[in-house]
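Input: a single structure, listed below in structure tokens.
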Amino acid sequence: MELDFERCYRAVDSRDQRFDGWFYTAVTSTGIYCRPSCPATTPRREHVRFYPSAAAAQRAGFRACKRCRPDAAPGSPEWDARADVVARAMRLIADGVVDREGVPGLARRLGYTERHLHRMLTAELGAGPLALARAQRAQTARILIETTSLGLAEIAFAAGFGSVRQFNDTIREVYAAAPSALRAAAHRSGPAEPGTISLRLAYRPPLHAQALLEFFAARAVPGLEEVDAETYRRALRLPHGTGTVALTPLPGYVAARLRLADVRDLAPAVARCRRLFDLDADPVAVDATLAADRALAPAVKKEPGVRLPRAADGFEMAVRAVVGQQISVAAARTVLAALLPASPAGHAAPLSADHETGLLPADHEAGLLPADHEAGLLPADHEAPLPDDHVAPLPADHGESSGIADISRRQPHDQRGELVAFPSAEQVLDLPDAAFAMPGARRETIRAVARAVADGTLELDPGADRAETERRLTELPGIGPWTASYLALRALGDPDVFLATDLGVRRGAQLLGLPTGTKSLAEYARRWSPWRSYATIRLWRH
């Protein structure tokens, strides 16, 4: 990756937070590397080197700044926006694939040889897959050292290190301190809740937190997730077990509190939380493109930083998309809740409803899915397409959603029970017909998706090839272009999907005086590329 020295240096000199995660600044006179927004005195030009990744800086012999914590910076927005092999590899590494399957597993998933994959990553990021995974292990280990009472040997293996010696050497090299010294120096603002890992998830401002919470609240499935005015909580299915997470957006970061059945799942849990709230996005770039259109400019000015509410689990999102066909939001939530398994002993304990403000220092079916739209129903994929000049009438009750308060009244705090993770594809295949409160054709569509995921012919994880995944989805019975595109947006995180046939999108377009015919609206939306997914969200909010 070519980094323009002058542009990078200006970003460092201005301490511009928008560039955190885009590149890293190393200072030869001190031997440390920082994020661009580090509050330290700007180093002299001749002492500065710029690197495209933290792993590249570490590989060059620099250690992480203890003041700005560069390893905790938001990830580069490129890895979510791009669909090429390097971006897919970065998403999979963040999800812990190298730790679980090694470099051969990563290369196999991407369809390249290990040598060619190493060449591509080194050419763009200055480090190969092992070095990139090692940098992530170091960050995971530091979080566990500073926020838990686990023994250091346990932390070494939980973070993915092959030995305690490798763990000790890496921590000393990256942080210039022994693991025991990091623990001793950790500043605690209050006693840690036993079994809970608390950390801060950085993001690039602005973040429209209310839009995210309202989105998730309107379609929260009882027993799986719950939302109040400040916090989103849900259960997670992770590679080594289950967990629960509470995410509370705050100025400058999202406070995350996790309970994990297996601490080896910390890195993938963090990666999924970041995806869920779209925390690696560049909202300034997105808003600048959308605000260039006079129709969207007022909404962008009123609500800057609207994110793309995404998914923690691709298979879960696929089931939600199918279940939501042609039924109301409330009915879809009830049907989905019936699919949840009984709470097994192996689940992580639930998080307390009370938010703990003293956190330890550390470190995106609202209008998108028509079934989830406040107006009610989904035009299923097997329906005949609407004519291009058709204008969907606005329902009498169209307007702002009932908001978080209404959802909270339906889910009072004192009635909350243990949250359980959504069933896996294999578990769904084992369910009897009676568990599916839906028409038989829809049930068989869900089973077809589950079989494809279980046998590996369909990948819905963040490293999947987006075009290939959409093609394979449309080969399944009951899955048409709309559903496949919707899943590309929510499950795969494609930032440039526009659902021109979506009734909620067309209603929003009508309110803004935009074309409402399918073809004419799709043509108009080209001006919003490469951020048409975000335009979809904003049209849903009208």
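The values are calculated or read from the model by the stated rules, or taken from the named source; none is laboratory data. Source: prediction; values computed, not measured. Note: ideal-geometry Cβ built from the backbone for every residue, glycine included; neighbour counts use all protein chains shown. For the accessible areas, the whole protein counts, side chains as well, though only heavy atoms, and no ligand, DNA or RNA atoms are used. Shrake-Rupley method; radii C 1.70, N 1.55, O 1.52, S 1.80 Å.
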- Note on the structure: Among strands (runs of 3 or more DSSP E) entirely within the stretch 17-93, at least 3 residues that are farther than 29 Å from residue 459 by Cα and open to solvent by less than 20 Å² (accessible area, probe 1.4 Å) occur in 24-27
- Neighbours by Cβ (under 8 Å, 6+ apart or cross-chain): first from the stretch 263-284, of a type in the set (Phe, Trp, Tyr); second part of a helix (DSSP H, G or I) and crowded, with 23+ Cβ neighbours inside 10 Å: 277/212
- Message: Against the conditions (1) in a loop (DSSP other than H, G, I, E, B); (2) open to solvent by 30 Å² or more (accessible area, probe 1.4 Å); (3) closer than 30 Å to residue 23 by Cβ, where does residue 195 fall short? Just the number, please.
- Response: (3)
- Query: Would the stretch 199-207 turn up any residue that is open to solvent by 10 Å² or more (accessible area, probe 1.4 Å), under 21 Å from residue 95 (Cβ atoms) and in a strand (DSSP E or B)?
  - Reply: yes
- Message: Just to verify a result, which residue in the stretch 313-336, among those that are open to solvent by less than 10 Å² (accessible area, probe 1.4 Å) and assigned to a loop (DSSP other than H, G, I, E, B), is nearest to residue 243 (Cα to Cα)?
- Response: 324
- Taking only pairs six or more apart or across chains, which ones have beta-carbon atoms under 6 Å, a first residue in the stretch 324-336 that is under 13 Å from residue 439 (Cα atoms), and a second residue that is open to solvent by 50 Å² or more (accessible area, probe 1.4 Å)? 326/377; 335/437
- Item | Subset of the stretch 210-239 [among the acidic types (Asp, Glu) and either over 17 Å from the mean Cα position of the chain (by Cα) or in a helix (DSSP H, G or I) (or both)] | 214, 226, 228, 230
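Residue-by-condition table, conditions (1) modelled with pLDDT under 95; (2) assigned to a helix (DSSP H, G or I); (3) crowded, with 17+ Cβ neighbours inside 10 Å:
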{"position": "391", "(1), (2), (3)": "yes, no, no"}
{"position": "405", "(1), (2), (3)": "yes, yes, no"}
{"position": "417", "(1), (2), (3)": "yes, no, no"}
{"position": "476", "(1), (2), (3)": "no, no, yes"}
- Where a residue in the stretch 44-72 is on the phi > 0 side of the Ramachandran plot and its partner, wherever it lies, is in a loop (DSSP other than H, G, I, E, B), with Cβ under 8 Å and at least six apart: 61/31; 69/35; 69/362; 69/363
- Could you list all residues from the stretch 520-542 that are open to solvent by 20 Å² or more (accessible area, probe 1.4 Å) and within 22 Å of the chain's Cα centre (by Cα)? 529, 530, 531, 532, 541
- Checking residue 293 against (1) part of a helix (DSSP H, G or I); (2) surrounded by fewer than 23 Cβ atoms within 10 Å (Cβ to Cβ), which single condition isn't satisfied? (1)
- Which condition does residue 300 not pass, out of (1) modelled with pLDDT of 95 or more; (2) touching an Asp or Glu at 6+ places or on another chain (Cβ under 6 Å); (3) part of a loop (DSSP other than H, G, I, E, B); (4) more than 30 Å from residue 138 (Cβ to Cβ), if it passes all the others? (3)
- Query: Out of curiosity, is residue 141 part of a loop (DSSP other than H, G, I, E, B), of a type in the set (A, V, I, L, M), out of contact with any Asp or Glu (no Cβ under 9 Å at 6 or more places or on another chain) and open to solvent by less than 20 Å² (accessible area, probe 1.4 Å)?
  - Reply: no
- Query: Just a yes or no: is a residue in the stretch 526-534 part of a helix (DSSP H, G or I), out of contact with any Ser or Thr (no Cβ under 9 Å at 6 or more places or on another chain), within 29 Å of residue 271 (Cβ to Cβ) and not aromatic (Phe, Trp, Tyr)?
  - Reply: yes
- Query: So residue 172 clears everything in (1) open to solvent by 20 Å² or more (accessible area, probe 1.4 Å); (2) in contact with a Pro (Cβ under 7 Å, 6 or more places away or on another chain); (3) among the basic types (Lys, Arg) except one condition, right? Which one?
  - Reply: (2)
- Task: Find all pairs meeting these conditions: Cβ atoms under 6 angstrom apart; at least six residues apart or on different chains; first residue within the stretch 8-32 and closer than 17 Å to residue 252 by Cα; second residue in a helix (DSSP H, G or I).
- Result: 18/284; 19/11
- All positions within the stretch 483-519 that are assigned to a helix (DSSP H, G or I) and open to solvent by 10 Å² or more (accessible area, probe 1.4 Å): 485, 503, 507, 510, 511, 518, 519
- Query: Looking at (1) touching a strand residue (DSSP E or B) at 6+ places or on another chain (Cβ under 9 Å); (2) exposed (fewer than 15 other Cβ atoms within 10 Å of the Cβ), can you tell me which one residue 185 breaks?
  - Reply: (1)
